[in-house]
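Undergrad: First the structure, which I've put down as structure tokens, then a few questions once you've had a look.
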Ligand SMILES: NC(=O)c1ccc[n+]([C@@H]2O[C@H](COP(=O)([O-])OP(=O)(O)OC[C@H]3O[C@@H](n4cnc5c(N)ncnc54)[C@H](OP(=O)(O)O)[C@@H]3O)[C@@H](O)[C@H]2O)c1
């Protein structure tokens, strides 16, 4: 059983910790907050759920110094991912780093360099890639079920009212739709089509804080393939994804970033729906992956490799630059 520590006990950390009973090869043993009372409250709640103790720690370094923690799940704001990941790498802990990997491409490169220099396992927590319906879609594509793939579409949007106290609207914390939602559509396209040759983004900013509010993003490939992506903090977009081949298409119905089914449409045949729900909420799969990779002596995951995180971060950086969002990592 891999012994996990958690850094940044906020909204997603609470959902992930509640899904830990589905992590068949690991357990949550410690949680670190900047605030002692928050660490204690979170640890008590999740110890009760898990049926074993969870150590509350004040300060993230205390968790990195803890010899009884093997791997660290980092769920802090995007601006702090690079700094926290590199501190964990230097402490020799395997790292599962929430999406988006970092706030900037430069930050992503520094994390990857540190991981390789210290020979420490690092993976972006892009849970979508581990969902059974997504794995099945990849397999269908590889088997030629829809012929050669030429295009992808995907959308993801949530109508969010402005809250200047929320990291999602704070430019200095890497807020905005791109890093929160855009990463899913871009990572999906990159997973299916690879890294694009061109990126074109058009959208708008939240005037009060300067984070990006919405965007249409077109990814272009030299051989004519393309991905058409839509993200928004202004509109409640459904969360559909579709992969187009010469012999048909595959729909990943809402919400595609954690789907429970897919629909295969082959030209001239009735659609086939495959029900493929994850066990639990779907977060456990990425934790299982980390432990399996470590047991196999890997330094990165073949399903979510560092090269893919870098490619996705490169697209997000280009889109941010075109939208005029001044993202930065906090060191
Ligand atoms: N996989 C998913 O489905 C999913 C869903 C939502 C979000 N996420 C990702 O998870 C990460 C966290 O998102 P979230 O919505 O959980 O954020 P959140 O609720 O704001 O929690 C972030 C936590 O980070 C810590 N933190 C450290 N420095 C901070 C600072 N300067 N300002 C605010 N918090 C700070 C805080 O914990 P302490 O102060 O207690 O240490 C806070 O509770 C992001 O990368 C996000 O994209 C993933």
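Undergrad: Among the listed residues 164, 141, 158, 149, which satisfies the condition of being within 11 Å of the ligand (Cβ to nearest atom), over 25 Å from residue 108 (Cα atoms) and in the same structural domain as residue 194 (by TED's automatic domain parsing)?
TA: On the way: 164 fails: within 11 Å of the ligand (Cβ to nearest atom); 141 fails: within 11 Å of the ligand (Cβ to nearest atom); 149 fails: within 11 Å of the ligand (Cβ to nearest atom).
It is 158.
Undergrad: In addition: Determine, yes or no, whether residue 254 is in a loop (DSSP other than H, G, I, E, B), within 16 Å of the ligand (Cβ to nearest atom), in contact (Cβ under 8 Å) with a residue 12 or more places away in the chain and surrounded by fewer than 18 Cβ atoms within 10 Å (Cβ to Cβ). Let's see the steps before the verdict.
TA: Numbers: in a loop (DSSP other than H, G, I, E, B): yes; within 16 Å of the ligand (Cβ to nearest atom): yes; in contact (Cβ under 8 Å) with a residue 12 or more places away in the chain: yes; surrounded by fewer than 18 Cβ atoms within 10 Å (Cβ to Cβ): yes.
The answer is yes for residue 254.
Undergrad: Additional query: Determine whether residue 120 is part of a helix (DSSP H, G or I) and closer than 22 Å to residue 330 by Cβ. Even if it seems obvious, please write down each step before you answer.
TA: Working: part of a helix (DSSP H, G or I): no; closer than 22 Å to residue 330 by Cβ: yes.
It is false that residue 120 is part of a helix (DSSP H, G or I) and closer than 22 Å to residue 330 by Cβ.
Undergrad: Which residue is farthest from the ligand (Cβ to nearest atom), if the candidates are limited to the stretch 176-206 and must be over 29 Å from residue 222 (Cα atoms) and in contact (Cβ under 8 Å) with a residue 60 or more places away in the chain?
TA: Narrowing the stretch 176-206 to residues over 29 Å from residue 222 (Cα atoms): 176, 205-206.
Checking which are in contact (Cβ under 8 Å) with a residue 60 or more places away in the chain leaves us with 176, 205.
Working: 176: 10, 205: 19 Å.
Once the filter is applied, the top-ranked residue is 205.
Undergrad: Of these, 129, 55, 136, which one is farther than 21 Å from residue 185 by Cα, surrounded by fewer than 24 Cβ atoms within 10 Å (Cβ to Cβ) and modelled with pLDDT of 95 or more? Spell out how you get there, then give the answer.
TA: Working: 129 fails: farther than 21 Å from residue 185 by Cα; 136 fails: farther than 21 Å from residue 185 by Cα.
Residue meeting the stated conditions: 55.
Undergrad: As an exercise: evaluate residue 274 against (1) more than 17 Å from residue 156 (Cα to Cα); (2) touching a strand residue (DSSP E or B) at 6+ places or on another chain (Cβ under 8 Å); (3) without any contact (Cβ under 8 Å) to a residue 24 or more places away in the chain and give the number of the one condition it does not meet.
TA: Going through (1) more than 17 Å from residue 156 (Cα to Cα); (2) touching a strand residue (DSSP E or B) at 6+ places or on another chain (Cβ under 8 Å); (3) without any contact (Cβ under 8 Å) to a residue 24 or more places away in the chain one by one, residue 274 breaks only (3).
Undergrad: Is it fair to say residue 276 is within 18 Å of residue 190 (Cα to Cα), assigned by TED's automatic domain parsing to the domain that holds residue 202, surrounded by 16 or more Cβ atoms within 10 Å (Cβ to Cβ) and touching a helix residue (DSSP H, G or I) at 6+ places or on another chain (Cβ under 6 Å)?
TA: Values: within 18 Å of residue 190 (Cα to Cα): no; assigned by TED's automatic domain parsing to the domain that holds residue 202: yes; surrounded by 16 or more Cβ atoms within 10 Å (Cβ to Cβ): yes; touching a helix residue (DSSP H, G or I) at 6+ places or on another chain (Cβ under 6 Å): yes.
So residue 276 fails the test.
Undergrad: Here is a follow-up. Does residue 112 count as closer than 30 Å to residue 275 by Cβ, more than 13 Å from the ligand (Cβ to nearest atom) and in contact with a helix residue (DSSP H, G or I) (Cβ under 6 Å, 6 or more places away or on another chain)? Break it down stepwise before answering.
TA: Numbers: closer than 30 Å to residue 275 by Cβ: no; more than 13 Å from the ligand (Cβ to nearest atom): yes; in contact with a helix residue (DSSP H, G or I) (Cβ under 6 Å, 6 or more places away or on another chain): yes.
Considered against the rule, which asks whether it is closer than 30 Å to residue 275 by Cβ, more than 13 Å from the ligand (Cβ to nearest atom) and in contact with a helix residue (DSSP H, G or I) (Cβ under 6 Å, 6 or more places away or on another chain), residue 112 comes out as no.
Undergrad: Need pairs with beta-carbon distance below 9 Å; first residue free of Cβ contacts under 8 Å to residues at least 40 places away in the same chain and within the stretch 1-12, second within 10 Å of the ligand (Cβ to nearest atom); sequence gap 6+ or separate chains.
TA: 11/75
Undergrad: Can you name the residue in the stretch 257-289 that is in a strand (DSSP E or B) and farther than 30 Å from residue 28 by Cβ and is also farthest from the chain's Cα centre (by Cα) among such residues?
TA: First, pick out the residues of the stretch 257-289 that are in a strand (DSSP E or B): 261-266, 272-275.
Keeping just the survivors that are farther than 30 Å from residue 28 by Cβ gives 262-266, 272-274.
Working: 262: 20, 263: 24, 264: 25, 265: 28, 266: 30, 272: 28, 273: 26, 274: 24 Å.
Per the stated criteria, the residue is 266.
Undergrad: So, one more: Confirm whether residue 62 is over 20 Å from residue 285 (Cα atoms), over 23 Å from the mean Cα position of the chain (by Cα) and modelled with pLDDT of 95 or more. Before the answer, list the steps.
TA: Values: over 20 Å from residue 285 (Cα atoms): yes; over 23 Å from the mean Cα position of the chain (by Cα): yes; modelled with pLDDT of 95 or more: yes.
Yes: the conditions hold for residue 62.
The values are calculated or read from the model by the stated rules, or taken from the named source; none is laboratory data. Keep in mind it's a predicted model, so treat the numbers as computed, not measured. Cβ sites come from the backbone with ideal geometry, for glycine too, and all protein chains shown count toward neighbours.
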